[in-house]
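For reference, the structure discussed in these notes is given below.
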C-alpha cells in the first residue's frame, strides 16, 4: 500500500520536473512558440558610470524560428549589446522603461536574425535585470 501511495505522489512530481526542464532548455511552449535562453549579457550603460547585467529569454513564433535565432546568436548578441549600452540607467529603471526596452529588443533580435516581426520573436522576457 505504501508503494502505491508513493507512486501516486512521485509520478506527478516527476512529470512536472521533466516538463519544467524541457521548457527551461528552450522547449516548445503550449502557445505554439519556442523559448530560447540567451547567455547573460553585461554592458556599461550610456553614462559609463553604471552597468547592466541582464538575462534574456526570447519566445519565437515557432520552433523553426527558434533554431534560426540560435544560428544567428553572435549577431543577435551584438545587436542587443549595442542596444543595451545605448541606454541610461534612468531610461530603463522604471517599468515603462523596461517595457519599451523589451519592445526595442524584440525588434533588434528580429532584425539581427533576419526574421519578419510576425513570424520571428514574439516576446522578450527579462529573467534577471541588475543595474549597478
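Some points to look at:
Each row is one residue, and each column tells you yes or no for (1) at pLDDT 95 or above; (2) part of a helix (DSSP H, G or I).
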site	(1), (2)
31	no, no
42	yes, no
66	no, yes
81	yes, yes
97	yes, yes
102	yes, yes
108	yes, yes
118	no, no
128	yes, no
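- Filtered residue count, region 70-87, keeping only those that are over 19 Å from residue 119 (Cα atoms) and in contact (Cβ under 8 Å) with a residue 40 or more places away in the chain: 6
- Any hit, region 1-8, residues being at pLDDT below 55, in contact with a helix residue (DSSP H, G or I) (Cβ under 9 Å, 6 or more places away or on another chain) and either in a helix (DSSP H, G or I) or surrounded by 14 or more Cβ atoms within 10 Å (Cβ to Cβ) (or both): no
- When region 54-69 is filtered for residues that are touching a strand residue (DSSP E or B) at 6+ places or on another chain (Cβ under 6 Å) and either exposed (fewer than 14 other Cβ atoms within 10 Å of the Cβ) or without any contact (Cβ under 8 Å) to a residue 60 or more places away in the chain (or both), the ones remaining, listed by number, are 63, 66, 69.
- For region 108-124, a residue qualifies if it is without any contact (Cβ under 8 Å) to a residue 40 or more places away in the chain and buried (at least 16 other Cβ atoms within 10 Å of the Cβ), and the qualifying residues are 108, 110.
- Restricting attention to region 83-95, the residues that are in a helix (DSSP H, G or I) and surrounded by 13 or more Cβ atoms within 10 Å (Cβ to Cβ) total 6.
The values are calculated or read from the model by the stated rules, or taken from the named source; none is laboratory data. Predicted, not measured: the structure shown is a model, and the values here were computed from it. Here Cβ is always computed from backbone atoms with ideal geometry, including for glycine, and neighbour counts include all displayed protein chains.
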